[in-house]
Amino acid sequence: MLNLSLKQLSDSLAAKQVSSVEMTRFFLDRIAKHNDELNAFITVDEEKTLAQAAAADARIAKGDVAPLTGIPVAHKDIFCARGWLTTCASKMLSNFIAPYDAHVISRFNDAGAVMLGKTNMDEFAMGSSNETSFYGPVKNPWDMTRVPGGSSGGSAAAVAARIAPVATATDTGGSIRQPAALTGLTGLKPTYGLVSRYGMIAFASSLDQGGVLSKSAEDAALVLNVMAGFDARDSTSIEHAPEDYTRDLRSTSADPAQPLAGLRVGVVKEHFGAGLSADVGGPVQAALEQFRKLGATLVDVSTPSAKLAVPAYYVIAPAEASSNLSRFDGARYGHRAADYRDLAEMYSKSRAEGFGSEVKRRILIGAYVLSHGYYDAYYVKAQKIRRLIANDFAAAFAQCDIVVGPTSPTVAFPLGAKASDPVQMYLNDIYTIPANLAGLPAMSIPCGFGEHGLPVGLHMVGNYFAEAQMLNIAHQYQLATDWHARAPEGV
Ligand code: GLN
């Protein structure tokens, strides 16, 4: 069961070769065996999970099956799930039992999927290494002394270590794609607004988007079918007609050897300059060559404003975070300080105790850039840069169908290596942040190995709502290569 695709798992359930309870037990046992070391899950509740699996078996017995019915799915601990501890990896929410389901969670419940547990992450999704979690760092299953990337490090480590068949995640500046790259997974961040943010604890609302970490593009397509969809409770949810994201997973040309014939792949030249580690650049170049072999044409594109993406992001994201996180004040839910003299001190002590230092840094930056006198200099300027970046992509998509480059400048780095240098940490997302600022769908797929035998990710950005096409491009690449099928040894 370890390496089976979601389709294969689903077929084996439908054929009654295995029950959902047995399948779920198998993954729960793997979690019990490996989680102490990996620290990928914050919460596991075998009783609740097995009850869902038993309910799925009853559905299967009645023939009431959807593609994910009975399949165990791990969820990033940013999604509220009724009756489950939902912490966002913060001390602030370390006692918070969610009273309702996020839209994403109810979609999985409706599909009959089984909730395997809540995965570790950077606190409030702020980080690129999963080291800011109140619950401690997550280890990379390829090398336990290294980070799995972040902020969705727990989801990534769980799928990479095959202790979960698939996991949900969220991406504000790269938090699905960068951990996918660092752990050898396929990671998909959909078009902004395609997946509802209702019940997904907010970090930077204009950038946050739910998505998936999986072993393959085919698996990601099946999961996106469940996650995507309009939700009136999220005012930025888009009324986009439902699509079957698996429909295009086929060759688009008459020549079977050239399944990507006619496809124009835009190569962002700025992404191959200084700052890109050679051991990452090599596999990415080889992947471009592979696209050519599959029939695609490579074209050079330029995104000149992308160099401003990290600074603009670190104005916009903290600004929105400082506003979103003002709700955590110890009054209604979450951590409250034990001793205080008055209301103001209750707020300040609860927040001082409940938030970790990276979260505090973001709140301070956000409050500063939004303050009178600095608003125009920082916040308004950053919004203008955001427009320039979106314009760059629009110009690129006049020349090509998909934009590609590396996902992360380096392979997974050692735990602690960048923890005391925020700027170095922020630069991890230099290639991924532009897609968030523009609201475009983007993916990372495994394309080889770099230094120390660690996975390398290829980044792809599609045009708005081009998920089905992008998934097929990734699928054709995965049919021709086996990087995505490699799993770490020892777990
Ligand atoms: N690493 C980036 C940050 O810390 C992105 C995080 C994310 O996508 N949630 O803000």
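Considering every pair of different Cα atoms, what Kirkwood radius, in Å, is found for the chain? Taking every pair of different Cα atoms in the chain, averaging 1/r and inverting gives 22.3 Å. Using every Cα-Cα pair within the range 1-70, state what percent have a distance larger than 15 Å. Of all Cα-Cα distances in the range 1-70, 54 percent exceed 15 Å.
Summarising the overall dimensions of the range 128-230 from its C-alpha atoms, the Rg and Dmax are 12.8, 41 angstrom.
Every Cα-Cα pair in the range 193-249 was counted, and those over 16 Å apart are 46% of them. For the range 317-388, chymotrypsin sites (Phe, Trp or Tyr not before Pro) meeting the loop criterion (DSSP other than H, G, I, E, B) and having at most 15 other Cβ atoms within 10 Å: Tyr340, Tyr374. Using the Cβ-Cβ distance between Ser253 and Asp29 with R0 set to 41 Å, the FRET efficiency works out to roughly 0.40. For Ser302, what charge total do you get from the other residues with a beta carbon under 10 Å from its beta carbon, if Lys and Arg give +1 and Asp and Glu give -1? Taking every Cβ under 10 Å from that of Ser302, the sum is -2. Given the options Val299, Ile71, Tyr379, identify the residue whose Cα lies farthest towards the positive end of the charge dipole of the chain (+1 on Cβ of Lys, Arg; -1 on Cβ of Asp, Glu). Value computed over the given set: Tyr379.
Over the range 436-491, all Cα pairs binned in 10 Å intervals from 0 give whole-percent P(r) values of 22, 44, 26, 8, listed from short to long. Summing charges over neighbours of Ser237, with a neighbour being any other residue whose Cβ is under 9 Å away from its Cβ, gives -1 when K and R count +1 and D and E count -1.
Only alpha carbons enter this Debye calculation for the range 72-180, each as an equal point scatterer, and the log10 of I(q)/I(0) it gives at q = 0.10 Å⁻¹ is -0.24.
Taking Lys and Arg as +1 and Asp and Glu as -1, the other residues whose beta-carbon sits under 14 Å from that of Ala331 total +2.
Both the radius of gyration and Dmax for the range 154-211 are 11.4, 32 Å, in that order, over alpha-carbon atoms. Spatially, the range 361-440 and the range 458-489 are offset by 23 Å when compared through their Cα centroids. Within straight-line reach of Lys48, meaning a Cα separation under 27 Å, sit the following lysines at least 8 residues removed in sequence or on another chain: Lys7, Lys16, Lys33, Lys62, Lys76, Lys91, Lys118, Lys139, Lys215. Select from Pro99, Leu85, Leu116 the residue farthest towards the positive end of the dipole of the range 33-125; place +1 on Cβ of Lys and Arg, -1 on Cβ of Asp and Glu, and compute about the Cα centre. Value: Pro99.
Scanning the chain for trypsin sites (Lys or Arg not before Pro) that sit in a DSSP loop and have at most 13 other Cβ atoms within 10 Å, the longest stretch containing none of them is 63-232. For Lys293, the lysines whose Cα falls under 22 Å of its own Cα, not counting residues fewer than eight places away in the same chain, are Lys269.
Rounded to the nearest 0.05, the FRET efficiency derived from the C-beta distance between Asn3 and Gln383 at R0 = 45 Å is 0.50.
Using the Cβ-Cβ distance between Lys293 and Glu22 with R0 = 35 Å, the FRET efficiency computed as 1/(1 + (r/R0)^6) comes to roughly 0.25. Here the chain is assigned +1 on the Cβ of each Lys and Arg and -1 on the Cβ of each Asp and Glu. Its dipole about the Cα centre then comes out at about 420 debye. Note on the range 85-145: Cα-Cα pairs beyond 20 Å make up 40% of the total pair count. Sorting the Cα pairs of the range 373-457 by distance into bins of 10 Å, from 0 upward, gives 14, 35, 33, 16, 2 percent per bin. Put simply, the Cα atoms of the range 44-136 extend 45, 24, 22 Å along their principal axes, the longest span coming first.
Bear in mind these aren't lab numbers, they're just calculated from the coordinates by the rules spelled out. Here the structure is a predicted model, which means the values were calculated and not measured. No Cβ is skipped: glycine too gets one built from the backbone with ideal geometry, and neighbour counts run over all protein chains shown.
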